[in-house]
Amino acid sequence: MPANTAWPIVLAFGCTLLLGGILLGEIISLLGVVLVLAGCIGWFRQVLPHENAEHVPVEVQPVEIETKRKTVQRFKLPGLHVEPGEIIPTSPLIAGLKGGIAGGIAMVIPVLIYGQIAHGSIWYGVNLLGGAGVADWQNVTPAQINAFHWQWLLIALVIHGVSSLLVGLIYGAMLPMLPSRPILLGGIALPLVWSGLEYASMGLINPALASHVSWPWFVVSQVAYGLVAGWIVSRDENFKRVRNMPFAIRVGLEAPGLMHENHQGEGH
């Protein structure tokens, strides 16, 4: 068996600090770089050129199965329509990526509208997202937040793009597990939960930034993302097929007793 190693945890924590430093400061990102390098080097040394292994003794015991039946009949659950030789559809992750892109675009619209109505500048929300990681928000002025900054715009695009795609993947993997109300779950429930977590953590992570955020409009933008992303995922053909299957298959568990056999006796 592969030997135990803690370096993947160090690497993952380093990646978290590296990205978190965009909002928390350069020192956090620098610490993340150090941990990423240490995690890669430590992990590589344990797997290259030869992987460390632990030898576990195994006793091979013969297993004899006796039956008078010549064939095995499998019980077919209602709603499981998979013909012999047909591959069971997977979770609609590609649809999740498409939903993440579309939801990210839809999410921008309420942000721009709020900035124009409340502060007279469409760049207000963009600068809150992109400028918080590079500016001194203890002394930032309203004029700075309302002005156009191309550096802040680039940072905001990267943060918003990556987070939209990641959340879209979560939608593609999670919505088929609870498919009865995909729009309600993806458009209302998940955005409200995410907004609550942001509201609770933002005051601790960056109080100065939290003081500039309009939380009602923040919730509106999250709901806009959830409605669009959830609608696109729910329209995917794989989602429509997976939603009618047993829960064990929807969550990706191996369930050979629920699958058909082909003519060679191998499950599909």
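The values are calculated or read from the model by the stated rules, or taken from the named source; none is laboratory data. Worth saying up front: this structure is predicted, and the values here are computed from it rather than measured. Note: ideal-geometry Cβ built from the backbone for every residue, glycine included; neighbour counts use all protein chains shown.
Of everything in segment 13-35 that is among the β-branched types (Val, Ile, Thr) and farther than 16 Å from residue 129 by Cα, the residue that is nearest to the chain's Cα centre (by Cα) is 16. Just one of the listed residues (173, 200) is at negative phi, assigned by TED's automatic domain parsing to the domain that holds residue 99 and either in contact with a strand residue (DSSP E or B) (Cβ under 6 Å, 6 or more places away or on another chain) or without any contact (Cβ under 8 Å) to a residue 12 or more places away in the chain (or both), namely 200. Note on segment 20-32: among residues that are within 26 Å of residue 46 (Cα to Cα) and surrounded by 15 or more Cβ atoms within 10 Å (Cβ to Cβ), the one that is modelled with the lowest pLDDT is 29.
Taking the condition in a helix (DSSP H, G or I), of a type outside the set (Gly, Ala, Ser), modelled with pLDDT under 90 and within 16 Å of residue 216 (Cα to Cα), does residue 153 pass? Judged against the criteria, residue 153 is not a match.
Note on segment 199-221: residues that are modelled with pLDDT of 80 or more, surrounded by 17 or more Cβ atoms within 10 Å (Cβ to Cβ) and either part of a helix (DSSP H, G or I) or touching a Lys or Arg at 6+ places or on another chain (Cβ under 7 Å) (or both) total 5. Here residue 68 meets the list (1) outside any loop (DSSP other than H, G, I, E, B); (2) modelled with pLDDT under 80 almost entirely, failing just condition (1).
Quick grid of which residues meet (1) within 30 Å of residue 206 (Cβ to Cβ); (2) out of contact with any His (no Cβ under 9 Å at 6 or more places or on another chain); (3) modelled with pLDDT under 80; (4) outside any helix (DSSP H, G or I):
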{"position": "9", "(1), (2), (3), (4)": "yes, yes, no, no"}
{"position": "16", "(1), (2), (3), (4)": "yes, yes, no, no"}
{"position": "37", "(1), (2), (3), (4)": "yes, yes, no, no"}
{"position": "49", "(1), (2), (3), (4)": "no, yes, yes, yes"}
{"position": "55", "(1), (2), (3), (4)": "no, yes, no, yes"}
{"position": "61", "(1), (2), (3), (4)": "no, yes, no, yes"}
{"position": "72", "(1), (2), (3), (4)": "no, yes, yes, yes"}
{"position": "85", "(1), (2), (3), (4)": "no, no, yes, yes"}
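Among the aromatic types (Phe, Trp, Tyr), modelled with pLDDT under 75 and surrounded by fewer than 18 Cβ atoms within 10 Å (Cβ to Cβ): does that describe residue 239? No, not satisfied.
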